[in-house]
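Structure first, then comments.
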Amino acid sequence: MHTVKVSHIAKSFGDVKAVTDVSFEVERGEIFGLLGPNGAGKTTALRVILDIFKPDSGTVSILEGPMNDEKKSRLGYMPEERGLYQDITLERCLIYLGTLKGLSKDEARQRAEKLLESFDLADHKTKKVKELSKGMQQKAQIINTILHRPELIIIDEPFTALDPVNTQMVKDLMEELREKGATIIMCTHQMHQVEELCDRILLMDEGKDLLYGNLNEIRKQFSGHAVLVRSNGNLPSIEGVVGIEEHNSSTKLNLDDGINPQDVLSALLEKNVILEKFEIAVPSLDEIFIQAVEEGKQT
């Protein structure tokens, strides 16, 4: 069942076409990555989904139908720009924003206290928001986004200003929310986080969709015919290897079309090569991102 269904949306601002033709679906209980270079139209697409902007054409279905006031209380949205009230205490800010999402003051306070504790912010709850570090404000924004336990969570650059410990904390939280049935749309430039978290992705550029689907299937689609190996000595000549190049701490062997990687492995073992690593070469999402955007500009 689809939590979000976007069909051929377009949005312009004067002569600027921010989104020209974008379609995708987000399934219930998945983490979906919305990706693209700066200016690709990602934020505009998100704001159309949230009913902040009306599309010039196309349709959007949220939680099985058009957006309405009742559904807005079932959503959690964290924009890239911080939107917390700066001149009041963190605790008061979270409680007030929680009541805007339908929580009672007591309920908002109880939930905020638990989340502040889990995010290591309990000792800072009486500070004004503007007195918090950038990383603390980022965590506070995340707390505000999930305080009312939304069914659909849309987060733009969730890992900004977070150190590795807090980044892992947020990743664990997102996986926990997914396990509980929440649907998450994540917009980020950090491709390694997408690789670790997302089930499916949409890559946008110049207002259009370039790549869409299961992340593992997309990576296979962009895979060349090659293997990555690492050994404790020099590699011998192997029949069917048409090119060799260094790849990080490994050696990439490009194979002839008719060669099976298992044949290469057998040949290396027959020549008594002690292997520390042998795997099919699959491109990183960074590499796919660059290749897809470059190819998109050439078409």
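The values are calculated or read from the model by the stated rules, or taken from the named source; none is laboratory data. Predicted model only: the values in this text are computed from it and were never measured. We place every Cβ from the backbone using ideal geometry, glycine too, and count neighbours over all the protein chains shown.
Quick notes
- Cβ-Cβ under 8 Å pairs, at least 6 apart or on other chains, the range 209-220 side closer than 26 Å to Lys17 by Cβ, far side charged (D, E, K, R) and crowded, with 18+ Cβ neighbours inside 10 Å: Tyr212/Arg200; Gly213/Arg200
- Close pairs (7 angstrom Cβ cut-off, 6 or more residues apart or separate chains): in the same structural domain as Leu94 (by TED's automatic domain parsing) in the range 115-133, acidic (Asp, Glu) anywhere: Lys125/Glu91; Thr126/Glu91; Lys128/Asp87; Lys130/Asp87
- Any hit, the range 204-219, residues being outside any helix (DSSP H, G or I), in the same structural domain as Ala10 (by TED's automatic domain parsing), acidic (Asp, Glu) and in contact with a helix residue (DSSP H, G or I) (Cβ under 6 Å, 6 or more places away or on another chain): yes
- Restricting attention to the range 166-203 and to residues that are in contact with a Phe, Trp or Tyr (Cβ under 8 Å, 6 or more places away or on another chain) and part of a strand (DSSP E or B), the residue that is surrounded by the most Cβ atoms within 10 Å (Cβ to Cβ) turns out to be Ile184.
- Among all positions in the range 33-44, there is at least one residue which is closer than 21 Å to Glu151 by Cβ and not in a loop (DSSP other than H, G, I, E, B).
- All conditions but one from (1) crowded, with 16+ Cβ neighbours inside 10 Å; (2) under 30 Å from Ile31 (Cβ atoms); (3) not assigned by TED's automatic domain parsing to the domain that holds Met174 apply to Ile259; the one that does not is (2).
- Any hit, the range 228-247, residues being assigned to a loop (DSSP other than H, G, I, E, B), over 26 Å from Asp156 (Cβ atoms), among the basic types (Lys, Arg) and not assigned by TED's automatic domain parsing to the domain that holds Val22: no
- Of everything listed in (1) closer than 30 Å to Asp286 by Cβ; (2) in a loop (DSSP other than H, G, I, E, B), the single unmet condition for Val22 is (2).
- Among the residues of the range 179-203, the ones that are in contact with a helix residue (DSSP H, G or I) (Cβ under 9 Å, 6 or more places away or on another chain), of a type in the set (Asp, Glu) and without any contact (Cβ under 8 Å) to a residue 60 or more places away in the chain come to 1 in all.
- Cβ-Cβ under 6 Å pairs, at least 6 apart or on other chains, the range 53-69 side small (Gly, Ala, Ser), far side modelled with pLDDT of 95 or more and not in a loop (DSSP other than H, G, I, E, B): Ser57/Ala10; Gly58/Ser7; Gly58/His8; Gly58/Ile9; Gly58/Ala10; Ser61/Lys5
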